[in-house]
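Down below is the structure, laid out as structure tokens.
Values in this text are rule-based calculations from the coordinates and carry no lab data. Quick caveat: nothing in here was measured; it's all calculated off a predicted structure. Backbone-built Cβ (ideal geometry, glycine too); neighbour counts: all protein chains shown.
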Amino acid sequence: MDEGTAYGRAKPTYRAELAEVGAGTPMGELLRRYWHPVGMAANAGERPRQVRVLGEDLILFRDGQGRAGLVHPRCAHRGTSLYYGKVEERGIRCCYHGWLYDVEGHCLEQPCEDGGGPRRDKVRQPWYALEERYGLVFAYLGPPQKKPLLPRYACLEELAPGEFIEADDSSIGSGGAQVVPCNWLQHWENVVDPFHVPVLHGSFSGAQFVSQMAQLPKVEFSVTERGVMVWSLRTLDDGRRFRRITEAVMPTLRVVPNPRVSRYGSVESIGWVLPIDDTHYRIYVSGRVSEPGQLGKMRSKMNDKFWWELTEEEHQRFPGDYEAQTGQGPITLHSEEHFATSDKGIALLRRFLEQQLQKVAEGGDPAGVSFDRSDALVHLEAGNYIDDAKAGT
């Protein structure tokens with residue numbers, strides 16, 4: 001008798017409370033308690049730009065006074081999209097009847113009304129708060145009374161001579177396209193999965209990084225006050241110990257040191273995994289560089305080609321993170337997983353997220369938010385390090 005066939009199996013399911021990010025969902029409400037990048041600083045300009053964040057469609061612009069604004073697309077008057085609006089000195093003007101809104105949604109002018117609209121102060125276009133840092137525009141989409149400070153990160157604040165901050169919106173670290181067609185969590189969990197590195201990146205698709213990254217590491221996992229940390233320990237040819245630390249930090253930070261190990265020390269860049277909606281994400285990156293375009297050199301190649309240069313057959317023969325994660329489907333089916341001991345980091349991260357969901361549901365503040373400027377500078381441990389003592393001594 002044949003056993004274990006697919007016939008009659010239960011309908012697979014996913015954990016909606018972890019995956020779905022829309023307003024009113026558990027994860028959507030948790031993520032709305034943090035700041036998220038919604039574009040490069042240069043994306044906010046005189047031409048309105050459509051952005052989609054956490055399932056919400058919005059319009060990003062910068063008025064003539066240099067202030068960035070993020071507003072709901074449907075004009076509060078008759079619903080025409082402000083994507084077709086005109087950005088002016090004081091705000092954005094709707095193309096339909098000329099209502100003018102500032103970056104905080106105040107209606108400043110109603111040109112078709114007597115006196116420019118004597119009741120215009122009663123109308124407000126829905127808007128979100130913005131701040132700019134590290135070459136990116138960050139938005140807070142949560143309850144105003146719970147708005148935390150926008151964090152600063154020591155690894156992006158403490159610059160060596162000749163270094164400067166560069167930002168990138170091409171989704172470095174995704175392994176593929178700028179917008180990735182799968183759930184955000186499928187990528188973020190990858191940060192705390194060190195065992196895929198020697199398999200996927202070190203042998204299956206050829207050596208994509210440096211030789212020491214192809215070595216199966218000894219791994220230690222730990223929960224921090226902001227997420228999950230992974231220590232991957234490898235022994236170099238000369239007997240010294242190579243210690244690589246990666247961190248998954250709330251809300252969606254991927255703190256991953258350069259896998260090409262061009263230098264040792266603290267991590268040189270941070271990536272923010274932005275959930276566009278339940279089945280799409282992208283990554284914004286800011287990092288310390290000494291020359292323009294340096295961040296882009298971290299991008300992987302498969303078969304000595306960039307992802308977008310590969311044929312369909314090469315994508316199949318030389319898969320990377322993009323193929324491995326989109327291959328799980330738009331939202332992976334959690335009911336079909338069979339965890340092993342090597343998946344401890346993912347189990348810890350999901351448990352950590354569950355705890356944060358519970359905190360928010362009970363009216364508390366989740367991990368990593370700060371309302372005190374003295375606590376707003378975040379020190380991360382991630383990086384590539386060489387221990388002075390040789391392994392085993």
PRE reach from R74 (point 7 Å along Cα→Cβ): which of segment 82-116 fall under 15 Å by backbone N?
-> 82-83
Please sort by residue number the GluC sites (Glu not before Pro) in segment 288-346 whose DSSP state is loop and whose Cβ has at most 15 other Cβ atoms within 10 Å.
-> E337
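For an R0 of 56 angstrom, estimate the FRET efficiency from the Cβ-Cβ distance between T279 and Q65 and round to the nearest 0.05.
FRET efficiency, T279 to Q65: 0.90.
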Under a 5 Å amide H to amide H cut-off, with H placed in plane at 1.01 Å, what residues pair with G173 once short-range neighbours are removed?
-> S300
Among 235-248, 7-20, 265-278, how do they line up from the highest to the lowest mean number of other beta-carbon atoms within 10 Å?
-> 265-278, 235-248, 7-20
Plugging the Cβ-Cβ distance of E220 and T311 into 1/(1 + (r/R0)^6) at R0 = 45 Å yields, to the nearest 0.05, a FRET efficiency of 0.65
Roughly speaking, what is the centre-to-centre gap between segment 1-63 and segment 332-369 when only Cα atoms are used, to the nearest Å?
-> 16
Lys, Arg +1 and Asp, Glu -1 on Cβ, resulting dipole of the chain about Cα centre, debye, nearest 20 = 400
The ³J(HN,Hα) series, computed from each phi in segment 352-357 with the Karplus coefficients 6.51, -1.76 and 1.60 at θ = phi - 60°, rounded to the nearest Hz and given as x for glycine or proline, is 4, 4, 4, 5, 5, 4
Length released on extending from S335 to E163, taking residue separation times 0.36 nm less the Cα-Cα span = 57.3 nm
What per residue convex hull volume, in Å³, comes out for segment 214-355 when only alpha-carbon positions are used?
-> 167
By what distance, in whole Å, do the Cα atoms of the chain stretch along each of the three principal axes, largest value first?
-> 82, 67, 47
For segment 153-259, projected area of the alpha-carbon convex hull averaged over all directions, nm² | 8.6
Cα principal axis extents for segment 1-128, largest first, Å | 85, 30, 25
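Working from the pairwise distances between different alpha carbons, so that the mean of 1/r is found and then inverted, what is segment 72-225's Kirkwood radius in Å?
Computed over segment 72-225, the radius equals 20.7 Å.
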